[in-house]
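Note sheet for the following structure.
Read the figures in this text as sums done on the coordinates, not as results from a lab. What you are looking at is a predicted structure, and each value in this text was computed from that prediction instead of being measured. Using ideal geometry, Cβ is built from the backbone for each residue, glycine included, and neighbour counts are taken over all protein chains shown.
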Amino acid sequence: MLSRKGLIPEEYVLTTRLAEDISEPRYQAKERRARFVSKNGTCNVAHKNIREQGRFLLDVFTTVVDLKWHYTLLIFTMSFLCTWLLFGMIWWLIAFGHGDLDKTEEGFVPCVTSVQSFTAAFLFSIEVQVTIGFGGRMITEECPVAILVLIVQNIVGLVINAIMLGCIFMKTAQAHRRAETLIFSKHGVIALRNGSLCFMFRVGDLRKSMIISASIRMQVVRKSSSLEGEVLPLNQIDIQTENPVSTNGIFLVSPLIICHTINKDSPLYDISPSDLNHQEDLEIIVILEGVVETTGITTQARTSYLADEILWGHRFVPTVAEEDGRYSVDYSKFGNTVKVPTPNCTARQLDENRSTMDPKSFSPRSTIRKRNVSMRVKPKFTLFDEPS
């Protein structure tokens, strides 16, 4: 393309086939590891070959709530239309059996007034179930069966209203909607804290209403095998978190940095900077649970960090500052990190060589050059002779 535009002479342009080294073998890059939990918290699991489908019908309410919105609205609409048509047919049969469709002479008392067709029976069914009552059609005391059908349709209509409105309310007030305003940092970091390597990430809440009794926990998901040779494709290992209040419970008023100290009991004990790539079979899942203050519903927010989403030797920048007598949070710095001196070795190697390593050498203060005030610099010339 550059040769066609005259920027590079034609004799210096190599074709694609000549530019490649044919002698070197080609290797296909390994695909990135599939996530167990996506960044937005959804679980990347597909359920197949479920033979007992009837179990879902045993809990109809939960099944309807779990459906997508267009399926829920379809069921909501069809439930009313079907009952209106069903009872409309019943009202038409009652009128047909009593002779209301043919007899129009004076003194004849029908079961339902002004019902001479199926359309009129259908409209009367809608008026009964939704209690509109336009006044043109009404039931009389001529037919006891019609009174019984009226009672049954009212009860069925109340049950359908309760179920359908309850399902729609639960779908609109689902807990995962509140979790949309709980945010996690895009990357996790590994750096020194108090002389030990720590895995850290940041969590924050965008709303002013708090999450009550909030707790956070982490799991490492990776492929492993037992001593007997059993392969565990998704082995979930809990790891201890150490947040600023030293417990799993957090006070999420401002963004917090959640820390996990990598010690001998940690599954990250043998992780080195060279292992943090897309080929490493490692995923750290973070789960935040709590009760929504305004609704009292328990909510859960989830995210995960793959190996190539963990930055070695980085630290989160502060986001909270005091301004005009109150604390201000700058969310534009929520995911910002800075590089800090960190040993390029595993936590195991750091513990083994701790006696020979100086922790102060990894402190940012050690990189500042200090002026030696004790050394006196002699000027190149003087106006007077200095006394010896």
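Sticking with the crude label model, points 7 Å out along Cα→Cβ, report the distance from Asp238 to Lys223 in nm, one decimal please.
Between Asp238 and Lys223, the simple spin-label model gives 2.7 nm.
Hey, with R₀ at 56 Å, roughly what FRET efficiency would Ile163 and Asn353 work out to, going by the Cβ-Cβ distance, to 0.05?
0.25
So between Ser196 and Val291, what do we pick up on full extension, going 0.36 nm a residue minus the alpha carbon distance?
30.9 nm
Pop a pseudo-label 7 angstrom from the Cα along the beta-carbon direction at both Leu67 and Glu142 and give the gap in nm to one decimal.
Distance between the two pseudo-spin positions: 4.0 nm.
Within region 115-151, list the GluC sites (Glu not before Pro) lying in a DSSP loop whose Cβ has at most 10 other Cβ atoms in a 10 Å radius.
Glu141
Could you give the length gained by full extension between Ser117 and Val60, i.e. 0.36 nm per residue of separation minus their alpha carbon distance, to one decimal place?
Net length gain for the segment: 16.9 nm.
Using the structure shown, list the pairs from Lys186/Lys223; Lys208/Lys333; Lys208/Lys339; Lys48/Lys68 with a Cα-Cα distance above 28 Å, or answer none.
The pairs that break the limit, which is 28 Å between Cα atoms, are Lys208/Lys339.
In square nanometres, what is the average projected area of the Cα convex hull of region 94-233?
Projected area, direction-averaged: 20.3 nm².
Counting Lys +1, Arg +1, Asp -1, Glu -1, what net charge surrounds Val37 among other residues with beta carbon under 10 Å of its beta carbon?
Combined, the nearby Lys, Arg, Asp and Glu give +2.
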